[in-house]
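Here the structure comes first, spelled out in structure tokens, and everything after it is commentary.
The values are calculated or read from the model by the stated rules, or taken from the named source; none is laboratory data. In this text, all values refer to a predicted model and were calculated from it rather than measured experimentally. Virtual Cβ from ideal backbone geometry, glycine too; neighbours counted across all protein chains shown. Keep in mind that these areas ignore ligands, DNA and RNA; they rest on the heavy atoms of the full protein, side chains included. Shrake-Rupley method; radii C 1.70, N 1.55, O 1.52, S 1.80 Å.
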Amino acid sequence: MTIRLTRRDELPVLQDIERAAGECFREVGMDQIADDEPPALDELADYQRADRCWVSVDAQDRPVAYALTEPVDGRLHIEQLSVHPDAARRGLGRALIDHLAARATAAGLPGLTLTTFAEVPWNAPYYAGRCGFRVLPEAELTPGLREIRRHEGEIGLDRWPRVCMLRGA
């Protein structure tokens, strides 16, 4: 498996991956999440231009998983991580996370953060059990993470329990 920066011409593929990955949420009664549109092309282009958009590609060099990152309070924050269902259960998400952790370390950042659904099996339980993340208690949330959670509440993600998670320091 190869992980590399995303090329501009691949941005529509990322939207397709996001839509396909979102369908899994229907299985747990979260149709609104499944129906949510992926990031717009101009937003994805911002991540791509800033070298904060990574893909895992198949043998034909086509993206099958992706991650968007941004710096938040001295750590690398995973804004989005999605794996196409046809490529699921092959360790691609975990490999992307490990790659991002190595990038963070190389940049002198002590850890990775993310926000996710607390009770969805392939979200918080997966990140804790397979990827080395832990749930951050409210007292440990940084200002940037609090802002992200505030925004998530504004757009309706708090209809389901959510948590902030940390891997590293």
Figure the gain on full extension for residue 61 and residue 31 (residue separation times 0.36 nm, minus the Cα-Cα span) and round it to one decimal in nm. 7.7 nm
What percentage of the solvent-accessible surface of segment 1-135, computed with a 1.4 Å probe over protein heavy atoms, is contributed by carbon and sulfur atoms? 48
Whole-Hz couplings from phi, Karplus 6.51/-1.76/1.60, listed for segment 90-100; x for Gly and Pro: 10, x, 5, x, 5, 5, 4, 4, 4, 4, 5
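Quick one: order 131, 24 from most to least accessible surface, probe 1.4 Å. Mind dumping the intermediate values first?
Numbers: 131 5, 24 40 Å².
Output order, biggest surface exposure first: 24, 131.
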Would you kindly derive the ³J(HN,Hα) couplings of segment 11-23 from the backbone phi angles with the Karplus curve 6.51 cos²θ - 1.76 cosθ + 1.60 (θ = phi - 60°), listing them in order in whole Hz, with x for Gly and Pro? 4, x, 5, 4, 4, 5, 4, 4, 4, 5, 5, x, 4
Whole number please: convex hull volume per residue, Cα atoms of segment 68-159, in Å³. 107
What's the long-distance tail for the chain, i.e. % of Cα pairs beyond 25 Å? 27
Over all viewing directions the Cα convex hull of segment 55-99 casts an average projected area in nm² of 3.2
So between residue 49 and residue 99, what do we pick up on full extension, going 0.36 nm a residue minus the alpha carbon distance? 16.1 nm
In square angstrom, what is the accessible area per residue of the chain with a 1.4 angstrom probe? 51
Counting sequence-distant residues (5 or more places) and residues on other chains, those with an amide H built under 5 Å from that of residue 72 are 77
Which ³J(HN,Hα) values, rounded to whole Hz and listed in residue order, are derived for segment 33-43 from phi using the Karplus coefficients 6.51, -1.76 and 1.60 in 6.51 cos²θ - 1.76 cosθ + 1.60 with θ = phi - 60°, glycine and proline given as x? 6, 4, 7, 5, 6, x, x, 5, 4, 5, 5
If packing is taken as the average number of other Cβ atoms within 10 Å across a peptide's residues, how do 66-78, 94-106, 148-160 rank, most packed first? 66-78, 94-106, 148-160
